[in-house]
1. Return the Rg/Rh ratio of segment 302-436 with Cα-based radii and a Kirkwood Rh.
2. Determine by what factor the alpha-carbon radius of gyration of the chain differs from 2.2 N^0.38 Å, reporting the quotient.
3. Given a 10 angstrom Cα cut-off, can you work out which residue in A353, A330, A361 is the most mobile in a GNM of the chain?
4. Dividing the alpha-carbon Rg of segment 379-448 by 2.2 N^0.38 Å yields what?
5. Would you kindly derive the ³J(HN,Hα) couplings of segment 394-407 from the backbone phi angles with the Karplus curve 6.51 cos²θ - 1.76 cosθ + 1.60 (θ = phi - 60°), listing them in order in whole Hz, with x for Gly and Pro?
6. Want the number for R419 to N290: 0.36 nm per residue separation, take away the alpha-carbon distance, what's left?
7. So what's the net charge close to A139: Lys and Arg +1, Asp and Glu -1, counting the other residues with Cβ under 14 Å from its Cβ?
8. In segment 45-128, which trypsin sites (Lys or Arg not before Pro) fall in coil by DSSP and have 15 or fewer other Cβ atoms within 10 Å?
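Each reported figure results from applying straightforward, stated rules to the coordinates on display, with no laboratory input. Small disclaimer: the values here were computed from a predicted structure and weren't measured. Cβ placement follows ideal geometry from the backbone for every residue including glycine, while neighbour counts extend to all protein chains displayed.
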Amino acid sequence: MNAYITRVLESVKAKNPDEPEFQQAVEEVLTSLEPVIAKHPEYEQAAILERMVEPERLVEFRVVWTDDEGKTQVNRGYRIQFNGAIGPFKGGLRFSDKVNLSVLKFLGFEQTFKNSLTTLPMGGAKGGSDFDPHGKSDAEIMRFCQAFMTELYRHIGPNLDVPAGDLGVGGREIGYMFGQYRRIRGNFENGVLTGKDLKFGGSLLRPEATGFGTLYYIEEVFRHLGESVQGKTFVLSGYGNVTWGAITKIVELGGIPVTISGHNGYVYDPDGITTKEKIDYLLEMRASKNANVKMYAEKFGCEFHEGEKPWCVKADVCIPAATQNEVVLADAEKIVANGTKYYFEAANMPTTAEAQAYLVANGLIVGPAKAVNAGGVAVSGLEMSQNSMRYGWTAAEVDARLHSIMAAIVSSSIDAAERYGLGFDLIRGANIAGFEKVAEAMLKQGLF
Ligand code: GLU
C-alpha cells in the first residue's frame, strides 16, 4: 500500500475511532486511489486526501417538538457539508433511530464521489436526525419537520446546500420542511430542497429515479458485456421507492424480479413480480399503516420466509436495495454458491467489506452504490436546473437525461479503471472517476 494512503487511513482511524461506517467508506475509496496517488505527487503535496476526509463543516443541533400527548420531545439533528468544491452541497436527510455521526459521515463522504460521477455541479453532504418516524401521526411528523427546519434553514440555500430525502424522508416530509423554510425566509426559494411535490417545483420522475437509474446502469454494463436484462431473474431486497422503481424497469426490459424483503423477512414469488397488479400493490402496501411484506405473500399466495434475507434465492442478478450492511460474508457465500454473476448495489453500503471482497474474488461483476444509485441525486440535480429556469421538463426529457447520465457514469468508471491498468473494475473505476474531478477542482481553487 502507498505510504501516503496508509498514513491518511491511520489518521482517519485515530481521529474517528467510534465510526466504523465512516472508516469503511474511506478505506474503500482510498485504497482504490493507489495508482492515481502514485502518478500524481501533487495530490500529496497539496494534502488533497487529508482535506477530503475532513468535512468542510458539520453542524449538530437540538430539535425540540411536542408529541400528540403534549409531551416535549428532544432529538438530535445534523447536517454535514462534506465537500463543496464542484457545486453547492447536495445530499439527503435521513430520519431514523439508527442515525449517528458515523453513518452520516460515511453517507456524506460517499455523496461527494457519487455527485461528482453524475456529471452535474453538486458538492457532497448528508444530514438527518435520530428521530424515528415509525408510528408517528401526521401532525407529529409535521411538527418535527418544522422544528428541524427552524434550525436547519440558517445553514442551507439554493446556492449553498440543497437537502433532499433519504430513509424516513419522502415527499410529505420535504413538503413540511419547505413550508417552514418559506415561512421563515419569506421568499419562494424552492431550489433549496429537492424531491418536492410537482405542484411546487418537483421534477417528474424523481420518485422513480433511483430505481430506473439502477437499471439504466445495469443495461449499460450489460451492453459492454454483450448481455441483456431480457429473460434474467433478479433477487431484490427492500420494498420501498428504490425497489419499486427497479422492479418496474426490470419488467419493462423483460427481466423477472422474484423477491422483495422487509425487516421481518422476505417474499419469494417464483412467477415473478411482473404484473401491473403486483407492482401497483407494492405502492399500496408501502402506504398502508402497518406496512409489512408479508401482506404481498398473503395477497398473491406465495412464500414468506420469516426472519430471513433473500440472498439464498438463486438468480442471475442480485440487487440489494434496502439499507447498509444487509449483505454479510455468509450471504455473499450463498450468492456465489448459487452461481449468480451480477451484483449491483442500489442501497448505500449494503455490503460489508469482507462480503464485497468475496464477491469480487469469486468473479462476480459488482456495481458499487455510489455509481449504481446515483440516478436519484442526478434527478435531484435536474430538479435544481428546472427550479433555476422556472420551467419544468417533460417526463420523457428527464428520462432521456437520466439515461445519458447513467451511461456516462458507466463509461467514465470503465475508462478510469482502464487508464490506470486495473482492467474491467467498476468499483475502483467509480472511485477514481469521482475523485479526479473533485481533486482537480480543489487544486485549482487553492488552499481551502
Ligand atoms: N438520498 C439520496 C442519495 O443517497 C438522494 C440525495 C439527493 O437527492 O440529494 O443519493
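1. For segment 302-436, the value is 1.05.
2. Working: Rg = 21.0 Å, N = 448, 2.2 N^0.38 = 22.4 Å.
Rg over 2.2 N^0.38 Å, computed on Cα atoms: 0.94.
3. In this elastic network of the chain, the residue with the biggest mean-square fluctuation among A353, A330, A361 is A361.
4. Working: Rg = 15.7 Å, N = 70, 2.2 N^0.38 = 11.1 Å.
Compared with the compact-globule rule of thumb, segment 379-448 sits at 1.42.
5. Listing the rounded values in order: 6, 4, 5, 5, 5, 4, 5, 5, 4, 4, 6, 5, 5, 5 Hz.
6. Length difference between fully extended and current span is 41.4 nm.
7. Cβ neighbours under 14 Å give a net charge of -2.
8. Within segment 45-128, the qualifying trypsin sites (Lys or Arg not before Pro) (loop, at most 15 other Cβ atoms within 10 Å) are K71, K98.
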